[in-house]
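S.K.: Okay, here's the structure, questions in a sec.
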Amino acid sequence: MKKILVVGGAGYIGSHVVKAILEAGFAVKVFDNLSTGQEINLFKEAEFVKGDILDKNAISSAMQGVDGVVHLAAKKAVGESMQNPDLYAENNIEGTINILVAMNKAGVKNIVFSSSSSVYGNPNYLPIDESHPIQPVSFYGYTKAKIDELLEWYDRLKGIKYASLRYFNAVGYDETGTIKGREKDVQNLLPIAIQVLDGERECLQVFGNDYDTEDGTCVRDYVHVSDLASAHVLAMKRMMDGGDSQVFNLGTGKGTSVNEIIESVNRVFNVGLSIKYAGRRDGDPAKLYASSKKAKEMLGWEPKFTDIDDIVKTSR
Ligand code: WQD
């Protein structure tokens with residue numbers, strides 16, 4: 001049985017990826033420092049090593065006996081990355097270098113990397129495909145773009161194959177309820193709306209309703225975390241079957257506005273969320289949505305969740 005090392009496998013997306021990889025019949029070893037990942041997200045079927053990617057010895061020894069790596073261990077708050085770039089340079093860029101060096105030493109040849117749509121910055125055109133220029137507007141996005149370049153070099157120089165998966169807006173939780181952990185210190189629209197729903201926050205601030213969109217609020221591509229997870233399995237299998245290195249955008253291709261998200265939460269949970277229209281947030285493009293044609297064609301990936309209400313139902 002092939003064994004996959006899932007770095008960051010106790011986190012929000014990582015735990016869903018572990019579930020999908022186990023279901024696909026692989027053995028899994030999770031490596032996580034539990035900084036944002038949670039013990040409750042660990043699967044008893046998977047081996048667990050508590051460790052930090054900044055600890056070169058720890059990541060090197062975890063690499064022994066594995067056939068592939070899925071790397072999702074990163075800091076991911078856009079605002080924080082602008083305030084504290086050191087944290088992002090170290091955790092994201094240096095941490096990934098340590099993983100690549102450890103892979104190279106151990107002779108591990110396949111990596112699926114958790115990249116981000118934020119590498120594209122303000123879109124020149126829509127939908128955003130993989131040929132769109134890389135022009136990040138946040139330091140967070142810059143770290144992901146730099147890592148994509150590192151992956152390219154390690155393929156060229158050392159034959160390490162990669163699949164870089166550029167997620168659009170990851171949302172929802174496993175619909176079977178197997179994954180119990182809920183993201184802490186949430187920063188994104190839908191989990192914030194759920195906090196308002198649950199009385200943990202007074203109201204939802206809508207950052208701008210004067211954008212050049214149909215209802216004036218920003219449009220994003222919300223993709224279910226379980227659909228993201230299935231793409232990791234497909235990408236890993238493709239490389240193990242001899243496929244070359246590729247970059248894939250992962251989104252549904254459908255744009256949903258902030259107001260539409262609020263309406264969906266109200267409909268699904270039969271509430272009337274308390275909202276307040278606030279000013280625009282710095283750095284928010286009006287519209288972002290993906291073309292995932294390449295993932296569909298080359299990976300046979302098809303998101304199961306396409307209806308926003310179905311996604312919202314799994315978000316609590
Ligand atoms: C969505 C929309 C906000 C909160 C970020 C990263 C991106 C990727 C996904 C990791 C925007 C609006 C939000 C609130 C609001 N992450 N909003 N009130 O910014 O599209 O993407 O997460 O790779 O890189 O940038 O997601 O959920 O923060 O915002 O009105 O309280 O909701 O302005 O239009 P975003 P988000």
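The values are calculated or read from the model by the stated rules, or taken from the named source; none is laboratory data. Quantities reported herein were computed from a predicted structural model and do not represent experimental measurements. FYI the Cβ positions are ideal-geometry reconstructions off the backbone, even for glycines, and counts take in every protein chain you see. Only protein heavy atoms, including side chains, enter the accessible area calculation; ligands, DNA and RNA are left aside. Shrake-Rupley method; radii C 1.70, N 1.55, O 1.52, S 1.80 Å.
S.K.: Name the single residue that is nearest to the ligand (Cβ to nearest atom) among those in the stretch 113-167 being over 23 Å from Gly283 (Cα atoms), in contact with a strand residue (DSSP E or B) (Cβ under 9 Å, 6 or more places away or on another chain) and open to solvent by 10 Å² or more (accessible area, probe 1.4 Å).
M.R.: Looking at residues that are over 23 Å from Gly283 (Cα atoms), in contact with a strand residue (DSSP E or B) (Cβ under 9 Å, 6 or more places away or on another chain) and open to solvent by 10 Å² or more (accessible area, probe 1.4 Å), I get Tyr162.
S.K.: Go through the stretch 28-51 residue by residue and tally those that are farther than 18 Å from Thr178 by Cβ and in contact (Cβ under 8 Å) with a residue 24 or more places away in the chain.
M.R.: Residues meeting the conditions: 5.
S.K.: When you scan the stretch 90-104, do you find a residue that is within 20 Å of Val137 (Cα to Cα) and either of a type in the set (D, E, K, R) or open to solvent by less than 10 Å² (accessible area, probe 1.4 Å) (or both), even just one? Let's see the steps before the verdict.
M.R.: First, pick out the residues of the stretch 90-104 that are within 20 Å of Val137 (Cα to Cα): 90-93.
Filter again for either of a type in the set (D, E, K, R) or open to solvent by less than 10 Å² (accessible area, probe 1.4 Å) (or both), leaving 90, 92.
Yes - at least one qualifying residue is present in the stretch 90-104.
S.K.: Do you know which of the residues in the stretch 272-290 that are in a strand (DSSP E or B) and more than 8 Å from the ligand (Cβ to nearest atom) is least open to solvent (accessible area, probe 1.4 Å)? Even if it seems obvious, please write down each step before you answer.
M.R.: So in the stretch 272-290, the residues in a strand (DSSP E or B) come out as 275-278, 287, 290.
If we keep only those that are more than 8 Å from the ligand (Cβ to nearest atom) as well, we get 275-277, 287, 290.
Values: Ile275: 63, Lys276: 109, Tyr277: 112, Lys287: 76, Ala290: 3 Å².
Of everything passing the filter in the stretch 272-290, Ala290 is least open to solvent (accessible area, probe 1.4 Å).
S.K.: OK, next. Mind listing whichever residues of the stretch 90-112 are within 16 Å of the ligand (Cβ to nearest atom) and either over 20 Å from Asp32 (Cα atoms) or not hydroxyl-bearing (Ser, Thr, Tyr) (or both)?
M.R.: Of all residues in the stretch 90-112, those within 16 Å of the ligand (Cβ to nearest atom) come to 91-93, 95-96, 112.
Selection gives Asn91, Asn92, Ile93, Gly95, Val112.
S.K.: Going through the stretch 192-213 one residue at a time, which ones are open to solvent by 30 Å² or more (accessible area, probe 1.4 Å) and in contact with an Asp or Glu (Cβ under 9 Å, 6 or more places away or on another chain)?
M.R.: Answer for the stretch 192-213, where residues must be open to solvent by 30 Å² or more (accessible area, probe 1.4 Å) and in contact with an Asp or Glu (Cβ under 9 Å, 6 or more places away or on another chain): Phe207, Asn209.
S.K.: Let me ask something else about it. Scan the stretch 291-313 residue by residue and report those that are open to solvent by 20 Å² or more (accessible area, probe 1.4 Å) and hydroxyl-bearing (Ser, Thr, Tyr).
M.R.: Passing the criteria: Ser291, Thr306.
S.K.: Determine whether Phe26 is buried (at least 20 other Cβ atoms within 10 Å of the Cβ), closer than 17 Å to Ala106 by Cα and among the aromatic types (Phe, Trp, Tyr).
M.R.: Values: buried (at least 20 other Cβ atoms within 10 Å of the Cβ): yes; closer than 17 Å to Ala106 by Cα: no; among the aromatic types (Phe, Trp, Tyr): yes.
Spelling it out, it is not the case that Phe26 is buried (at least 20 other Cβ atoms within 10 Å of the Cβ), closer than 17 Å to Ala106 by Cα and among the aromatic types (Phe, Trp, Tyr).
S.K.: Hey, any hits in the stretch 51-68 for a residue that's basic (Lys, Arg) and open to solvent by 50 Å² or more (accessible area, probe 1.4 Å)?
M.R.: Taking the stretch 51-68 first, the residues basic (Lys, Arg) are 56.
Subset that is open to solvent by 50 Å² or more (accessible area, probe 1.4 Å): 56.
For the stretch 51-68, residues basic (Lys, Arg) and open to solvent by 50 Å² or more (accessible area, probe 1.4 Å): present.
S.K.: For the stretch 168-271, which fully contained helices (runs of 4 or more DSSP H) count at least 3 residues that are away from the ligand (no atom under 12 Å from the Cβ)? Lay out the reasoning, then the answer.
M.R.: Working: elements: 189-197, 225-240, 258-269.
Filter on the stretch 168-271 gives 225-240, 258-269.
S.K.: Can you tell me which residues in the stretch 141-188 are farther than 17 Å from Asn249 by Cα and either among the hydrophobic types (A, V, I, L, M, F, W, C) or touching an Asp or Glu at 6+ places or on another chain (Cβ under 8 Å) (or both)?
M.R.: Leu150, Trp153, Leu157, Ile160, Lys161, Ile179, Val186 - these are the residues of the stretch 141-188 that are farther than 17 Å from Asn249 by Cα and either among the hydrophobic types (A, V, I, L, M, F, W, C) or touching an Asp or Glu at 6+ places or on another chain (Cβ under 8 Å) (or both).
S.K.: Quick one: count up the residues across the stretch 198-237 that are over 21 Å from Lys294 (Cβ atoms) and not hydroxyl-bearing (Ser, Thr, Tyr). Spell out how you get there, then give the answer.
M.R.: Looking only at the stretch 198-237, we keep the residues that are over 21 Å from Lys294 (Cβ atoms), and these are 198-219.
From what's left, not hydroxyl-bearing (Ser, Thr, Tyr): 198-210, 212, 214-216, 218-219.
The total comes to 19.
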